[in-house]
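Asker: Supplied in structure tokens, the structure appears directly below.
The values are calculated or read from the model by the stated rules, or taken from the named source; none is laboratory data. Only a predicted model underlies this, so the values are computations on that prediction, with no experimental measurement involved. Cβ placement follows ideal geometry from the backbone for every residue including glycine, while neighbour counts extend to all protein chains displayed. Keep in mind that these areas ignore ligands, DNA and RNA; they rest on the heavy atoms of the full protein, side chains included. Shrake-Rupley method; radii C 1.70, N 1.55, O 1.52, S 1.80 Å.
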Amino acid sequence: MSAKKGLNLTLKIWRQKNNKSKGQFETYKISDVSTDSSFLEMLDMLNENLINEGKDPIAFDHDCREGICGMCSLYINGRSHGPDTGITTCQLHMRMFKDGETIHIEPWRSAAFPVIKDLVVDRSAFDRIMAAGGFISVNTSGNTLDANAIPVPKEDADKAMDAAACISCGACVATCKNGSAMLFVGAKVSQYALLPQGRVEAKRRVLNMVKAMDEEGFGNCSNIGACEVECPKGISLETIARMNREYMSANLDRG
């Protein structure tokens, strides 16, 4: 039985030294790529070749390589995380590409996500939004209640868990023509707004998180829906609607 033939590919990859310098696409050839390998493994192969040739390897983000951490963030052939759906870049396999294909690889494109180097962007804007209100304050002095002491309707619990599935990868921002982070913020607001533990600080939370989002320079939502389509965890646009309701209610109460 003959061995499976590997892919021969042309890669057009964005190279940029830092956020101050001007970047450009550079072309690389890679051959005999297994269709069973992941996209990041293919980039590992390319970097091995570059290092062996005495050239600077391509910088790209990765960590768990299991679709959990949200670190991998590549814009591949015009789509966040590539041509498959419901997956992160690390879960994308080379069987999705054809022999002889040209693949364009870019970093996330957003003013709020400046390029650090090559395909790596600075997503600390998300961290600052979370620090503004993405938490609940709990007294941990020994007087905490058991987690099951407060009944939660199953429908609310399910929706909260769906919203909490957000891994903060930024695909929603990268795919949005406005560079909006409202799906991300909507998910973080929703996971607390749906639970009784999150209601105590709900109004302050949504006001602070939306304010932080605007200060970071993200665009507004115009209901195109590309964010929901490209989100690897399938976060629903309903979270944006819920955030808008929470925000309107908090503003009315504030007067």
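Asker: Looking at Lys55 and the list (1) at pLDDT 95 or above; (2) surrounded by fewer than 16 Cβ atoms within 10 Å (Cβ to Cβ); (3) closer than 19 Å to Met94 by Cβ, which single condition is not satisfied?
Answerer: Against the list (1) at pLDDT 95 or above; (2) surrounded by fewer than 16 Cβ atoms within 10 Å (Cβ to Cβ); (3) closer than 19 Å to Met94 by Cβ, Lys55 comes up short only on (3).
Asker: Here's a follow-up. I need the full set of residues from the stretch 48-101 which are touching a residue at least 40 places away in the same chain (Cβ under 8 Å), in contact with a strand residue (DSSP E or B) (Cβ under 8 Å, 6 or more places away or on another chain), outside any loop (DSSP other than H, G, I, E, B) and not hydroxyl-bearing (Ser, Thr, Tyr), in order please.
Answerer: Leu74, Cys90, Gln91, His93, Met94
Asker: What helices (runs of 4 or more DSSP H) lie completely within the stretch 110-195 and have 3 or more residues being touching an Asp or Glu at 6+ places or on another chain (Cβ under 9 Å), closer than 30 Å to Phe25 by Cα and modelled with pLDDT of 95 or more?
Answerer: Here the list reads 171-175.
Asker: Does the stretch 100-150 hold any residues that are within 30 Å of Arg15 (Cβ to Cβ) and open to solvent by 80 Å² or more (accessible area, probe 1.4 Å), and which are they?
Answerer: Scanning the stretch 100-150 gives Arg109, Ala111, Ile116, Asp127, Arg128.
Asker: Does the stretch 23-39 contain at least one residue that is of a type outside the set (Lys, Arg), closer than 20 Å to Val173 by Cα and in contact with a helix residue (DSSP H, G or I) (Cβ under 8 Å, 6 or more places away or on another chain)?
Answerer: no
Asker: Report the residue count in the stretch 151-192 for those that are open to solvent by less than 40 Å² (accessible area, probe 1.4 Å) and not small (Gly, Ala, Ser).
Answerer: So the count comes out to 14.
Asker: Just wondering, is there one or more residues in the stretch 55-77 that are of a type in the set (Lys, Arg) and either on the phi > 0 side of the Ramachandran plot or in the same structural domain as Ala171 (by the TED database) (or both)?
Answerer: Within the stretch 55-77 (the criterion being of a type in the set (Lys, Arg) and either on the phi > 0 side of the Ramachandran plot or in the same structural domain as Ala171 (by the TED database) (or both)), the answer is yes, since at least one residue qualifies.
Asker: Answer yes or no as to whether Phe25 is assigned to a strand (DSSP E or B), closer than 22 Å to Arg109 by Cα and in the same structural domain as Met96 (by the TED database).
Answerer: So Phe25 fits the description; yes.
Each row is one residue, and each column tells you yes or no for (1) polar (S, T, N, Q); (2) under 18 Å from Cys231 (Cβ atoms); (3) open to solvent by 30 Å² or more (accessible area, probe 1.4 Å).
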| site | (1), (2), (3) |
| --- | --- |
| Thr10 | yes, no, no |
| Ile13 | no, no, no |
| Glu41 | no, no, yes |
| Asp44 | no, no, yes |
| Glu48 | no, no, yes |
| Arg65 | no, no, yes |
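Asker: Please go through (1) in contact with a Phe, Trp or Tyr (Cβ under 7 Å, 6 or more places away or on another chain); (2) more than 21 Å from Pro232 (Cβ to Cβ); (3) in a strand (DSSP E or B) for Ile30 and return the number of the only condition it doesn't satisfy.
Answerer: It is condition (1) that Ile30 fails.
Asker: Just to be sure before I move on: is Leu92 under 14 Å from the mean Cα position of the chain (by Cα) and surrounded by 13 or more Cβ atoms within 10 Å (Cβ to Cβ) in the structure I sent?
Answerer: No: the conditions fail for Leu92.
Asker: Further question: Determine whether the stretch 203-215 contains at least one residue that is part of a loop (DSSP other than H, G, I, E, B) and open to solvent by less than 80 Å² (accessible area, probe 1.4 Å).
Answerer: For the stretch 203-215, residues part of a loop (DSSP other than H, G, I, E, B) and open to solvent by less than 80 Å² (accessible area, probe 1.4 Å): absent.
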